[in-house]
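K.L.:
For reference, the structure I am asking about is given below.
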Amino acid sequence: MKRILVTGATSGIGRATALRLAAPDTQMIITGRRTERLALLKQEIEAKGAECLVLNFDVRSEAECKEFLEPLGRVDVLINNAGLAAGLEHIDRGDTADWDAMIDTNVKGLLYVTRIISRAMVEAGQGGHIINIGSIAGTEPYENGAVYCASKHAVHAISQAMRADLLSAGIKVGEVRPGMVETEFSEVRFHGDKERAAGVYKGVDPLTGADIAEAIHWMLSLPPHMNVNDIVLMPTQQAGAYYTHKR
Ligand code: NDP
Ligand code: 8X3
């Protein structure tokens, strides 16, 4: 049985990925803070013939990561997806609580999860596959996004370094770096302002969580000798952080 762990599966890219990867002979391990959503997703995953284990915890807490992830032992695949942007402000106006949330989740949370899961993979000696969800913000710093961009630059650096660290253990490390994907991302960034969030996607056909899930499914289906290190995905109407052609 293949065991696949997806962090941040209650919404957006993580939810779509958990559903895309669910199949008979697979155990999906889904995580997030919103209990009811995890319970509903478990039902959808099981309807696809997969087993499902729900882990309800906050990746910002190292203690919770240890409590919930260490008992798992080895999994075959880890999708490090849990993350957020909070706020969109010039550096002099930024809110330090937003900064802490982004750094604690996107960087420290990803590290806590990765340390536990990669260690179990190395100790089992059977390889594995880790895919980190980065962003175009991981190479393109943009105005008002200093801390989010810094956190995704960190994910980009960590992805490259951990690929080297885990090379001799035969563990594949890939990074998926999307541009604009319509999820709850902007609603979270704008602290629940749905109208402002909708404005981000107005006049654009953005990517969907399902589009990203399809790419992840493809990366996981490649033969053992082949790895995708880094893949950048954007809507056709976007060419970079500063270039979006709106209708
Ligand atoms: P969503 O807001 O729709 O989903 C984010 C997910 O992360 C939720 O399941 C949420 O679960 C989880 N999460 C957030 N904080 C925590 C936490 N502290 N502990 C556990 N889980 C957490 O956004 P997306 O699907 O768009 O975002 C997924 C990833 O994709 C993020 O890393 C984001 O940076 C990245 N990304 C998104 C892009 C976009 O345009 N949408 C573009 C490029 C990258 P819960 O709240 O239940 O804990
Ligand atoms: C999310 C996409 O353009 O807001 O990572 O950085 S963007």
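K.L.:
In the range 121-139, what count of residues is obtained for those that are open to solvent by less than 20 Å² (accessible area, probe 1.4 Å), part of a helix (DSSP H, G or I) and hydrophobic (A, V, I, L, M, F, W, C)?
P.N.:
Of the residues in the range 121-139, 3 are open to solvent by less than 20 Å² (accessible area, probe 1.4 Å), part of a helix (DSSP H, G or I) and hydrophobic (A, V, I, L, M, F, W, C).
Per-residue answers, yes or no, for (1) touching a residue at least 40 places away in the same chain (Cβ under 8 Å); (2) out of contact with any Lys or Arg (no Cβ under 7 Å at 6 or more places or on another chain); (3) over 23 Å from N106 (Cα atoms); (4) more than 12 Å from ligand 1 (Cβ to nearest atom):
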residue: R33; (1), (2), (3), (4): no, yes, no, no
residue: K42; (1), (2), (3), (4): no, yes, yes, yes
residue: I45; (1), (2), (3), (4): no, yes, yes, yes
residue: G49; (1), (2), (3), (4): no, yes, yes, yes
residue: V54; (1), (2), (3), (4): no, no, no, no
residue: A63; (1), (2), (3), (4): no, yes, no, yes
residue: E70; (1), (2), (3), (4): yes, yes, no, yes
residue: L78; (1), (2), (3), (4): yes, yes, no, yes
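K.L.:
Quick check, is G83 within 13 Å of ligand 1 (Cβ to nearest atom), assigned to a loop (DSSP other than H, G, I, E, B) and in contact (Cβ under 8 Å) with a residue 60 or more places away in the chain?
P.N.:
Numbers: within 13 Å of ligand 1 (Cβ to nearest atom): yes; assigned to a loop (DSSP other than H, G, I, E, B): yes; in contact (Cβ under 8 Å) with a residue 60 or more places away in the chain: yes.
For G83, the condition - within 13 Å of ligand 1 (Cβ to nearest atom), assigned to a loop (DSSP other than H, G, I, E, B) and in contact (Cβ under 8 Å) with a residue 60 or more places away in the chain - is met.
K.L.:
Please work out if R189 is open to solvent by less than 30 Å² (accessible area, probe 1.4 Å) and either among the hydroxyl-bearing types (S, T, Y) or more than 8 Å from ligand 1 (Cβ to nearest atom) (or both). Please lay out each step first, then the result.
P.N.:
Numbers: open to solvent by less than 30 Å² (accessible area, probe 1.4 Å): yes; either among the hydroxyl-bearing types (S, T, Y) or more than 8 Å from ligand 1 (Cβ to nearest atom) (or both): yes.
Taking the combined requirement at face value, the residue satisfies it.
K.L.:
For the range 224-247, which positions are closer than 14 Å to G174 by Cα and part of a loop (DSSP other than H, G, I, E, B)?
P.N.:
P224, H225, M226, N227, V228, N229, listed by residue number.
K.L.:
Every residue in the range 192-219 that is free of Cβ contacts under 8 Å to residues at least 40 places away in the same chain, open to solvent by 50 Å² or more (accessible area, probe 1.4 Å), within 15 Å of ligand 2 (Cβ to nearest atom) and under 30 Å from A23 (Cα atoms), please.
P.N.:
Answer for the range 192-219, where residues must be free of Cβ contacts under 8 Å to residues at least 40 places away in the same chain, open to solvent by 50 Å² or more (accessible area, probe 1.4 Å), within 15 Å of ligand 2 (Cβ to nearest atom) and under 30 Å from A23 (Cα atoms): just D211.
K.L.:
Go through T114, T105, T96 for me and flag whichever is modelled with pLDDT of 95 or more, open to solvent by 30 Å² or more (accessible area, probe 1.4 Å) and β-branched (V, I, T).
P.N.:
Answer to the check: T96.
K.L.:
Go through (1) closer than 26 Å to Q238 by Cα; (2) of a type outside the set (G, A, S); (3) away from ligand 2 (no atom under 13 Å from the Cβ) for I136 and report which single condition fails.
P.N.:
Only one criterion in (1) closer than 26 Å to Q238 by Cα; (2) of a type outside the set (G, A, S); (3) away from ligand 2 (no atom under 13 Å from the Cβ) is unmet by I136, namely (3).
K.L.:
Criterion first (under 16 Å from the mean Cα position of the chain (by Cα), at pLDDT 95 or above and open to solvent by less than 10 Å² (accessible area, probe 1.4 Å)) does N81 satisfy it? So that I can check it myself, show each step before the final result.
P.N.:
Details: under 16 Å from the mean Cα position of the chain (by Cα): yes; at pLDDT 95 or above: yes; open to solvent by less than 10 Å² (accessible area, probe 1.4 Å): no.
Here the answer is no, as N81 does not meet what is asked.
K.L.:
Restricting attention to the range 140-162, which residues are within 13 Å of ligand 1 (Cβ to nearest atom), in a helix (DSSP H, G or I) and open to solvent by 50 Å² or more (accessible area, probe 1.4 Å)?
P.N.:
Result: A150, H153.
K.L.:
Taking L222 and the conditions (1) within 16 Å of S135 (Cα to Cα); (2) surrounded by fewer than 17 Cβ atoms within 10 Å (Cβ to Cβ), which numbered condition does it fall short on, given that it satisfies the others?
P.N.:
Here L222 clears every test but (1).
The values are calculated or read from the model by the stated rules, or taken from the named source; none is laboratory data. Everything numeric in this text was worked out from a predicted model, so none of it was measured. Please note: Cβ atoms are built from the backbone with ideal geometry, for glycine as well, and neighbour counts cover all protein chains shown. SASA here: full protein model, heavy atoms, side chains in, ligands and nucleic acids out. Shrake-Rupley method; radii C 1.70, N 1.55, O 1.52, S 1.80 Å.
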